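For reference, the structure is listed below as structure tokens.
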Ligand code: URA
């Protein structure tokens, strides 16, 4: 019903009540007063249809790691990117980000598993007992952090209690590991232990099958495959010293390959 019709009906009702003797002066004053002008209706925000709600999805840790790693065009920038990265929960319990030790321009890149207690206290990879054994092994074939090796890990923060890193932790750090390999472009990549071998080479054979063989690592950012060798992890050798004979055979195989690759080596101690 229109406003005019409503008012006509009301007036008719008032006339009827007046005719029947009701005092209607006050009521009629309301109708003779000018009609108040109402403020224009407030435009209410239209609730978005569900399909229009496109909440900006938070980037996954892996996507964040990928873009941080891709933006790093040298090793110092990559180290800074890893230190910025918040996508691996281990960072919350670790003391330091343990990225690398050795020479950024080294012809040999060695990747281990994860920092342990000593590494977490010093912020450098392989500085505990297994690191000391590793240094002695490398020295046997003329390799040292000071001269021709860069050492890093598959993940950069100590897992509490030295537990094995989870798949999620490894995958979150992988873009940085791959970027490091692409930036260093080593003449030889040495992968120490199962975590490094499986993560980097994406192969599932046991380390005892992969060790000591000439393998290739391929990465889309690299035009040529990277020469790669898997070695038994020094922490494993500390637990299973009888396996050192296998490790020795692998060192000799590595030494021969380094010679073929023309890698400058230091004199054995
Ligand atoms: N074991 C590793 O794999 N990396 C380290 O840094 C120390 C021990």
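Couple of notes before you dig in:
- Residues that are assigned to a loop (DSSP other than H, G, I, E, B), touching a helix residue (DSSP H, G or I) at 6+ places or on another chain (Cβ under 7 Å) and away from the ligand (no atom under 16 Å from the Cβ) within segment 202-242 comprise 203, 204, 212, 214, 219, 221, 222, listed in sequence order.
- Any hit, segment 126-134, residues being within 11 Å of the ligand (Cβ to nearest atom) and in a strand (DSSP E or B): no
- Some residue of segment 73-86 being in a loop (DSSP other than H, G, I, E, B), over 13 Å from the mean Cα position of the chain (by Cα) and modelled with pLDDT of 95 or more: yes
- For segment 246-260, the criterion of being out of contact with any helix residue (DSSP H, G or I) (no Cβ under 6 Å at 6 or more places or on another chain) and either in a strand (DSSP E or B) or modelled with pLDDT under 95 (or both) is met by no residue.
- Scan of segment 92-125 for residues that are within 11 Å of the ligand (Cβ to nearest atom) and touching a strand residue (DSSP E or B) at 6+ places or on another chain (Cβ under 7 Å), ordered by number: 98, 99, 100, 101, 110, 111, 112, 113, 114, 115, 124, 125
- Residues in segment 177-201 that are assigned to a helix (DSSP H, G or I) and within 15 Å of the ligand (Cβ to nearest atom): 177, 180, 194, 195, 196, 197, 198, 199, 200.
The values are calculated or read from the model by the stated rules, or taken from the named source; none is laboratory data. Treat the numbers as computed from the prediction; the structure is a model and nothing was measured. No Cβ is skipped: glycine too gets one built from the backbone with ideal geometry, and neighbour counts run over all protein chains shown.
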